[in-house]
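Reading through the structure tokens given below for one structure.
Coordinate-derived values only; no laboratory data. The structure presented is a predicted model; accordingly, all values stated were derived computationally and were not measured. Positions of Cβ are backbone-derived with ideal geometry, glycine not excepted, and every protein chain shown enters the neighbour counts.
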Amino acid sequence: MNVTITFRNRRNRRNPFIPIEAEMITPDAFFNNKEICVGEGNRTVHLNELADVGIEGTASSVDEIEILIRGDASLVKRVGEYMTGGTITIEGSIGMHCGNFMSGGRIEILGSADGWLGREMQGGEILCHGDCGDYCASGYRGGRRGMRGGSVEVIGSVGDFACEHIAGGDVLIHGNTGDFACAEMKGGTVTILGDTSRVCANMSNGTCYVYGCAAEMIPTFEKRGTINHEGLLFHHFRGDVANRGNGDLYTARFTYLQ
Amino acid sequence: MTFILSSGRTIPQGSFVEHKLSKGYQRATSMIYIHPLDIMELGIESGDRVHVTSDIGSVVLTTEATNDIPSGCVYIALGPYANAITGGYTHGTGMPDYKDISVEIEPTDDPVQTVWDLMEMIGGVRYGK
Amino acid sequence: MESRDVPCPFCGCLCDDVFVTVENNRIIGVENCCTLGNAKFLSKKRLKHPIMRKNGKWVEVTYEEAIDETARILSDAMRPLLYGWSGTIGEAQVVGVHLAEEIGALIDSTTSVCHNPSILAIQEVGHPGCTLGQVKNRADLVVYWGCNPIEAHPRHMSRYTTYADGYFIDNTASDRTVIVVDIRRSEGAKVADEFVQVKPGGDYLVLSALRAMVRGKSDVVPESVAGVKKVQLQRVADLMMKAKFGAVFFGLGITMSRGKYKNVRNAIELVSELNRRTKFTISAMRGHFNVYGFNEVLTWMAGYPFAVDFSRGIAFYNPGETTVIDLLERREPDACLVVASDPGAHFPKSTIEHMAAIPTVQIDPCVNATTALCQVQIPVAITGIEVAGTAYRMDGVPIRMKKVLETEFPTDQEILERIVIRIREIRADG
Amino acid sequence: MAEILLKNAYVIDPISGINGELMDIALSGSRIVEEASPKAEVIDCHGFLTLPGGIDSHTHYSGTKVNFGRYMSPEDMRAGRTARRGPMHITSGYSVPTTYGNSYRYSALGYTTLVEGAMAPLEARHTHEEFKFTPLQDSFANTLFDGNWGMLRALEDNDIKHAAAIIAWTLSAVKGFAIKLTNPGGTEAWGFGKNVSCINQTIPTFDLTPADIIKGAIRANELLHLPHSVHLHCNNLGTPGNFTCTLGTFGHVPDLNDKRQSLYATHVQFHSYGGSGWGDFCSKSEPVAKMVNLRPQIVIDMGQVMFGRTTTMTADGPMEFNLYRLHHDKWSNHDIELETGSGIIPVNYRKKNLVNSIMWAIGLELALLVENPWQCMLTTDNPNGAPFVKYPEIIALLMSKRYRDAEFATIHQDTEKRVPLPAIDRELDWHEIAVMTRAGQAKALGIIDIGKGYLSPGAEGDIAIYPLRIDDIDPSADYEKVIKGFSQTEYTIKRGRVVSRRGDAIIDGENTTFWVKPKVPAAYDMQHDTAFQELFERYYSVRMSNYPVQEEYLHRNHCIETETDL
């Protein structure tokens, strides 16, 4: 089944800046033939009011559903939340919380993603071609475990607190990260091809590679010498000692705030 | 010259909190505390006015020399003047950057604006005089 | 007439020993109070009648008209924001929360721009704290980190720490050690036994280093961390470990600087670590007299201390998304009600620009910076002077604010209740 | 006055001596009456099980500590959210629900009366504020005295009357109901990061042992003729081998009151542990239950643990710190000057965990081994052992050996060697469950006189009607039906009005706060005692005049005045 959702321009809506809460846009909901409603502020509206929805073909399992999102979806939140299979392709940019809790399937974003992409993700894949906001592949407030499985790849750069509380899965960031990437890391593998700052603060476990420079290194990591990884020389740190941590941080370069 | 600006509470700012449109509040919140060496470097004297510019905007403030702040840093009371150069981005935390803002400072003869002026610049309408 | 033991409606210390003299329904004397509280008790300026902007000009209107206009604005809105709350009592805050629930609004308080990061940190690691009297009676070591009690909470030191005797502290001058950590030599730093000057944005790193030292892992710490020499860090760590009861107080110096709640989290984890060796507590220096009260009220009613979005019929909370600054910055709200705070004076420019662009109503006794951004302002009685009710001190102790003056102004609570009733009428009329 | 006539109610009312009779009950206004007028609204109960409204004699649902449990746990809040519906407000929270959440969910289970387990006097106002927003249950507040400096100093001087006078002043001031001691002496020691390890160890800052405090408080309690006895959370909660401390404590309890027990020991499951460490941790429910069976002056509650996530919260600060060191999860602590402490940590009781499995068994064993159901109340020490929404499952476990065996097969396999549970065949009957969930509580709390816990004329109109026709159910086999039936009442009636119907709250509140005021002669009125005033003046951070909870916080309330022997 192919579902095409084309968001219309919202200039004629009362306030085009109100985000759309669209947790029902998942292959699962279309597979179960649900009536798709979304939140626009304190009103609930039918998705048809905001987008043209085209459905072609049928599906015998959720994995046979492909959703294509076109038009401006940069304020559309929670797309793909709890999805278990199928694919979602977003032609432009997508709003916050895309792929929260997803456990299977694939999301591809050709533009950029706002904050909390893949929050508390359990499985499946996310590929974002543009940049990503804060809290990419992170956890929820008060939660002790963030992303637990699956993979996230961001071709651009990500904001602050990327992979906060990560406990499993793989994350690959081609660009730079903001401050406090991999804070409270508990497991999983994160690879940052660009620069980062205050990386792996308070980590207790897991592995992080930084191909660029780790600025303002947390001063409580133990230096363990250098290693060769994919033909490059990396400094190996263990920590965070302040947190009785046993995580591994490999970075090509680093600086301290002295 | 580039400085790191932080804002915070001060006694004068606090005691005029109930009188936000008074001269006293204006004075208390448009004062920028700066190290004497930096004052010399800028070629001005304590009490002279400066243009303080961040990525967000620019505002005129009155300098006050003090040794309590390290050279290279400046400090201002919380208030409308600080806000004129503070951005609304919160890094996904809800809290804007009221501290550690990178600013450019240069001497000026321009006057310090009133709180009403600042409010009108962003689309407000003053009440009374 | 004289009133004893009046709680001061200024800061989160809620000093409840103020002596107020009233003559002809005016306060003519205030004793025991600090400069900040005095100014509030003796303040005379206020807005005398509701005002509304019509055709770009301010005009005086009746309470009825102002309330009707407010109710229309709110009932019409798709993403209304109810903001402020810290300068009023719990009884009014409760009505505000019910209002938010009923109209599917966003509700947030000044917490969002002061100790929001402290709450986020507490939600990650908890909060080893205590009431202020516990510090007064027991603490032989007090640490002020990124806060400035002399300027923001002027009686904190004399009531609870540096200058206060306590049950186990016979002589505060000799029995208590005071450490101040800040980026600048604040007034508090000048009276401290040890002043630690940190480079801006360096608090997190210094806290990590201290945690490692308390764990006995000094060897990993470099010679200098964020401008602080390792020898001084070791000295501070030793003082902390030697203390019988240590109390850390922290303020906006760490909540507002880079990293925000991660700084606070690290401070809390340092304190938790120290508890393995001795007794330590940590407390936030809360600002408005009842900022903590709003957190308490919203928590027991909706489950979260601030930044709640009721738009989908349940309570949703995610600071960074449902917090006032982010909402305004993204231009989401289409109406705003401000109660008992002054965002016009405290918010970044771009955010109040949006407030000025949408229908905004303020409930406040005084003309303030926010007045300029409003369509309507409804003046009310002054809480804690003309209105009695509940406030929560920075340590969670609830205190009943007193009424020392008679007034003809309605209270926040009354105005809010009338708005709720009017909204119901408008909705019933369809 | 509104009248209701309940027809065809199948009533079990242990206090009135009714054990399964089909009858009508008439209500007029807030009370049960002999008969209703023809105008009365008739509710046909279709032979459904009809009990006095449930009473939870030990639960944490209101006040500073509970609210901090919510405040620090957004992950718990999002786990139990419901939308606004009819007169029902939104609710959040699973293990520590919002006030409305507590109230609606308790009401759905048929509970009409709750006792807050631990109110710190200094923060009493907060507890009362939350009572107001718990609209469908009456509230009582156990008031913490374990580290009260005034009382400790009086006990140091062996001046019981003076201690009683301080208790009397404080209870009246903070609108409390009973004396609660939480880890007596231990919370004071925690002020400097220490604890006490047995009841005979002198505490660091006063020349007293926990045993002195407990014995003194019991005597003071009876001097004041308080409705309830001393309500004790024993020392050494949660430590292996603590049963000796529990037995030692019980051994000190005199029998001073012919209407009720002289000591109510709470969440005894957490105090019935054997072993010298976690390695040989085991159940000691048998000696503890045996002691209770021998001593009618003691009533206990279970403090049952059920598997899953919850939040632990207690005034026992040092115990929570020890838990934190075990779990290394988030930890909150809140010491209260001159009075007590508190701590909070989230926990997850897991079937795969041997210690947790043993804890689960111990609670059930206590309820089954204590012969007299009037001496053992059904609780989880909500939310410490489990959220109260688990009560129906606990009832079913107590009523069905088969259910217990089925559950036992799913827990840690080594449990069998450490607990006597598999060998216990007893299955409680409906009457015993009624005792353990309402009648026994009313008696233990001493509130039968004010109309609680029974259904005869004169009683408060608090009634729970469960969709259970008990003659058609064999609880031993049909335990699923028992769980379902107790999970949602057909009707919950509070003060003579239907407040909850099939799980939905339908009106907004009929609650009352009950508090005590011992009548004290002038010589023992602490209000004018200079030494007591000085304690405030010099050491408290609030003024004495601002300390009492004002009348404004008691919307509808009932003051229980007592004659004293001072």
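What to note about this one:
- Here the contact order of the range A:1-128, divided by its residue count and restricted to Cα pairs under 8 Å and six or more residues apart, works out to 24 percent.
- The local environment of D:GLN550, defined by Cβ-Cβ distances under 15 Å, has a net charge of +1 under the rule Lys, Arg +1 and Asp, Glu -1.
- Chain A: calculated mean residue ellipticity at 222 nm from DSSP helix runs of at least 4, using -39500 (n - 2.57): -500 deg cm²/dmol
- Listed by chain and number, the aspartates and glutamates placed with their C-alpha closer than 13 angstrom to that of A:LYS223 are A:ASP240, A:ASP248, C:ASP219; residues fewer than eight positions away on the same chain are left out.
- Here the dipole of the range C:15-118 is about 620 debye; that uses its Cα centre as origin and unit charges on the Cβ of Lys and Arg (positive) and Asp and Glu (negative).
- Over the range D:441-488, volume per residue of the alpha carbon convex hull, in Å³: 106 Å³
- Cα gyration tensor shape of chain C, rounded if a/c is under 1.5, else prolate or oblate by comparing a/b with b/c: prolate
- Look at the stretch A:238-251: the mean tally of other chain Cβ atoms within 10 Å of its residues' Cβ atoms is 3.
- Stokes-Einstein translational diffusion, the protein assembly as shown - Kirkwood Rh over all Cα pairs, 1.002 mPa s, 20 °C, in µm²/s: 66 µm²/s
- Cα gyration tensor shape of chain D, rounded if a/c is under 1.5, else prolate or oblate by comparing a/b with b/c: oblate
- Annotation: peptides A:234-246, C:401-413, D:308-320, A:193-205, ranked by per-residue average of other Cβ atoms within 10 Å with the highest first, follow the order D:308-320, A:193-205, A:234-246, C:401-413.
- Cubic angstrom per residue, convex hull over Cα atoms of the range C:116-284: 99 Å³
- Taking every DSSP beta bridge that has both ends in chain C, the antiparallel portion is near 40%.
- Highest-first arrangement of A:118-124, D:480-486, where packing means the average Cβ count within 10 Å: A:118-124, D:480-486
- Packing-based ranking, highest mean first, of D:46-53, A:179-186, C:36-43 given that Cβ atoms within 10 Å are counted: A:179-186, D:46-53, C:36-43
- Cα convex hull of the range D:69-186, projected area averaged across orientations, nm²: 8.6 nm²
- As a rough footprinting exposure proxy, the listed residues D:CYS376, A:CYS136 were ranked by other beta carbons within 10 Å of their own, and the order from fewest upward is D:CYS376, A:CYS136.
- Two-site FRET efficiency, D:GLN413 against A:ASN246, from Cβ-Cβ distance with R₀ of 41 Å, rounded to 0.05: 0.85
- Beyond 23 Å in Cα-Cα separation lie the following of the pairs D:LYS7/D:LYS452; C:LYS44/C:LYS349; D:LYS39/D:LYS494: C:LYS44/C:LYS349.
- Listed by Cβ neighbour count within 10 Å, with the fewest neighbours leading, D:HIS267, D:HIS528, D:HIS412 appear as D:HIS528, D:HIS412, D:HIS267.
- Alpha-carbon Rg with Dmax, taken over the range D:464-566, Å: 23.6, 66
- Each Lys or Arg adds one and each Asp or Glu subtracts one; over the other residues with Cβ under 15 Å from the Cβ of C:SER112, this totals -4.
- The range C:242-285 shape via C-alpha gyration tensor axes, a/c threshold 1.5: prolate
- Dipole axis of the range A:1-111 (+1 Lys, Arg; -1 Asp, Glu on Cβ), positive-most option in A:SER93, A:PRO27, A:ASN15: A:ASN15
- Counting Cβ atoms of other protein chains within 10 Å of each residue's Cβ and taking the mean over peptide D:389-397 gives 0.
- Pairwise Cα inverse-distance average, inverted: Kirkwood Rh of chain A (Å): 18.7 Å
- Taking the square roots of five times each eigenvalue of the Cα gyration tensor of the range A:1-111, the equivalent ellipsoid has semi-axes of 21, 14, 13 Å, listed largest first.
- Efficiency of FRET from Cβ geometry, D:ASN348 and D:SER476, R₀ 35 Å, rounded to 0.05: 0.70
- A Förster radius of 60 Å combined with the Cβ-Cβ distance from C:ARG46 to A:SER60 puts the calculated FRET efficiency at roughly 0.25.
- Percent antiparallel among DSSP beta bridges (both partners in chain D, rounded to 5): 50 percent
- Among D:ILE214, C:ILE282, C:ILE378, a tally of other beta-carbon atoms within 10 Å of each Cβ gives an order, fewest to most, of D:ILE214, C:ILE282, C:ILE378.
- Length-normalised contact order for chain D - Cα pairs under 8 Å, 6+ apart - percent: 20 percent
- Adding -39500 (n - 2.57) for every DSSP H run of four residues or longer, then dividing by how many residues chain D holds, sets the calculated 222 nm ellipticity at -8500 deg cm²/dmol.
- Relative contact order of chain A, taken over Cα pairs closer than 8 Å and 6 or more residues apart, is 10 percent.
- Distance between the C-alpha centres of the range C:69-109 and the range D:235-273: 49 Å, rounded to the whole angstrom.
- A helix-only calculation puts chain C at -10500 deg cm²/dmol for mean residue ellipticity at 222 nm, using -39500 (n - 2.57) for each DSSP H run of at least four residues, averaged over all residues.
- With Cα atoms as the point set, the range C:284-369 shows a radius of gyration and Dmax of 13.5, 35 Å.
- Counts of other chain beta carbons within 10 angstrom of each beta carbon in peptide C:142-155 average 2.
- Positive-pole candidate from C:TRP300, C:LEU373, C:THR111, dipole of chain C, charges at beta carbon: C:THR111
- Spatially, the range C:329-406 and the range D:454-507 are offset by 47 Å when compared through their Cα centroids.
- Summing charges over all other residues whose Cβ lies under 11 Å from the Cβ of D:LYS484, with Lys and Arg as +1 and Asp and Glu as -1, gives -2.
- Cross-link pairs C:LYS262/D:LYS330; D:LYS290/D:LYS351; C:LYS199/C:LYS242; A:LYS186/D:LYS351; D:LYS161/D:LYS215 - those with Cα-Cα distance over 22 Å: D:LYS290/D:LYS351; C:LYS199/C:LYS242; A:LYS186/D:LYS351
- The protein assembly as shown: antiparallel DSSP beta bridges as a percent of all, rounded to 5: 45 percent
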